[in-house]
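**Q** Dropping the structure in here first, questions after.
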């Protein structure tokens with residue numbers, strides 16, 4: 001659906017329109033959270049059902065939540081402990097937006113790293129300029145007190161973490177995969193996604 005610029009090409013929008021005219025119901029399935037999809041839909045005047053956060057959230061064409069599958073609080077705490085023990089920074093997708101236990105600088109460095117992975121021709125300076133305006137960075141909310149975060153009643157839908165060491169990511173998949181009731185996946189070799 002998305003091109004290299006993380007946008008929807010006109011040809012794709014036209015194909016969606018033709019499918020809808022033929023009576024085909026178009027739905028979007030993504031690992032992203034709703035807020036990062038909503039802008040693309042509005043920009044391209046697309047109304048679609050959305051399966052979000054690797055299936056943890058389902059919304060109708062108007063953005064209303066129809067169903068959610070949250071990570072149990074005790075499991076979310078275990079995941080956070082494992083990630084912290086292994087110094088692996090993660091984004092936590094919730095009903096209140098995307099959070100991280102990282103500092104702003106750590107989160108920024110991760111986005112710079114990802115920007116360079118996706119755009120190998122960029123210098124680090126160029127990647128830093130792009131990263132500071134990317135939604136993956138600008139939308140982040142920072143957790144000061146993890147206990148207060150979990151006691152606030154927040155609903156955790158998904159964790160995602162990146163690391164350049166693929167073997168380390170594979171190890172984390174095995175360790176976290178031992179927690180019952182979770183689905184472990186990757187959209188890239190260098191990440192772990194937990195729902």
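**Q** Have a look at the DSSP beta bridges in the range 10-68 and tell me what percent are antiparallel, nearest 5.
**A** 65
**Q** Please compute the contact order of the chain in relative form: average sequence separation of alpha-carbon pairs under 8 Å and at least six residues apart, divided by the residue count, as a percent.
**A** 18
**Q** Quick one: work out Rg over Rh on the C-alpha atoms of the range 73-194, Rh as Kirkwood radius.
**A** Values: Rg = 14.5 Å, Rh = 15.0 Å.
With Rh from the inverse mean 1/r over Cα pairs, Rg/Rh is 0.97.
**Q** In degrees, nearest 10, range 0 to 90: what is the angle between the Cα axis of helix 104-118 and the longest Cα principal axis of the chain?
**A** The answer is roughly 50 degrees.
**Q** Still on this structure: Kirkwood hydrodynamic radius for the range 130-172: how many Å is it when counted over pairs of different Cα atoms?
**A** It is 13.3 Å.
**Q** A further question on this structure: Between 0 and 90 degrees, rounded to the nearest ten: what's the tilt of helix 166-177 against the longest Cα principal axis of the chain?
**A** Here the helix axis deviates by roughly 90 degrees.
**Q** Continuing with the same structure: Hey, in the GNM for the chain with a 10 angstrom Cα cutoff, which one of 122, 83, 182 fluctuates hardest?
**A** Result for the chain, Cα springs under 10 Å: 122 fluctuates most.
**Q** Quick one: length gained pulling residue 73 to residue 26 fully straight, 0.36 nm per residue minus the C-alpha distance?
**A** 13.6 nm
**Q** Still on this structure, I have one more. Using the alpha-carbon atoms, what tilt in degrees (0 to 90, nearest 10) does helix 34-43 show relative to the longest principal axis of the chain?
**A** Roughly 20 degrees, rounded to the nearest 10.
**Q** Given the options 144, 67, 14, which has the most mean-square fluctuation in a GNM of the chain, springs set between C-alpha atoms less than 10 angstrom apart?
**A** 14
**Q** Then there's this: What per residue convex hull volume, in Å³, do the alpha-carbon atoms of the range 10-68 yield?
**A** 77
**Q** Moving on. Could you pull the Rg and Dmax for the range 22-126, using just the Cα atoms, both in Å?
**A** Spelled out, the Cα radius of gyration and Dmax of the range 22-126 are 16.8, 52 Å.
**Q** Could you work out [θ]222 nm for the chain from helices alone, using -39500 (n - 2.57) per DSSP H run of at least four and dividing by all its residues? Round to the nearest 500 deg cm²/dmol.
**A** Result for the chain: -12000 deg cm²/dmol, rounded to the nearest 500.
**Q** Taking the chain as a Gaussian network, Cα atoms linked when under 10 Å apart, which of 103, 125, 138 shows the biggest mean-square fluctuation?
**A** 125
Computed from the coordinates by the stated procedures, all read-outs in this text should not be read as laboratory data. Given the structure is predicted, the values throughout are model-derived calculations rather than measurements.
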